[in-house]
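Take a look at the structure set out below.
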Amino acid sequence: MPSNSYKVRYELFEDKRAIKFMDKNADDETLINRIHGKYYQLAIDPYKEAESSFKSRKCPKCKKTRVGNYRIIYFINESTKEVEIIDIGPRRTIYKKWD
């Protein structure tokens, strides 16, 4: 595999909702490590990680990805090569919140 295949191409930013989720779940090291792993994958290629089934009226251009029973909602700004992590939450509630 070429060495540049794992090169970080996008800068990540967390919205206050994502930061709040991470702070609230700081005791769960396994979950935090899994989310940070997904952050790294998003920084490399956010389009590869996107699941196409996410449709939201509040954020029509947002994407989602999964980490177990949790979902990460994010927005890709291609012109600045930035990925904004908008929200993280359990699958059962995140879709209601972003409908």
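What the table shows:
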read-out	value
Number of positions in region 52-66 that are within 19 Å of residue 78 (Cβ to Cβ) and among the basic types (Lys, Arg)	3
Tally, over region 58-99, of residues that are touching a residue at least 40 places away in the same chain (Cβ under 8 Å) and basic (Lys, Arg)	2
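Quick grid of which residues meet (1) among the acidic types (Asp, Glu); (2) in contact with a strand residue (DSSP E or B) (Cβ under 6 Å, 6 or more places away or on another chain); (3) crowded, with 16+ Cβ neighbours inside 10 Å:
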position	(1), (2), (3)
11	yes, yes, no
16	no, no, no
28	yes, no, no
33	no, no, no
39	no, yes, yes
43	no, yes, yes
60	no, no, no
77	no, no, no
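Bear in mind that the values in this text are calculations on the coordinates, not laboratory data. Bear in mind the structure is a predicted one, so any value in this text is a computation, not a measurement. Note that we place each Cβ from the backbone using ideal geometry, even for glycine, and neighbour counts take in every protein chain shown.
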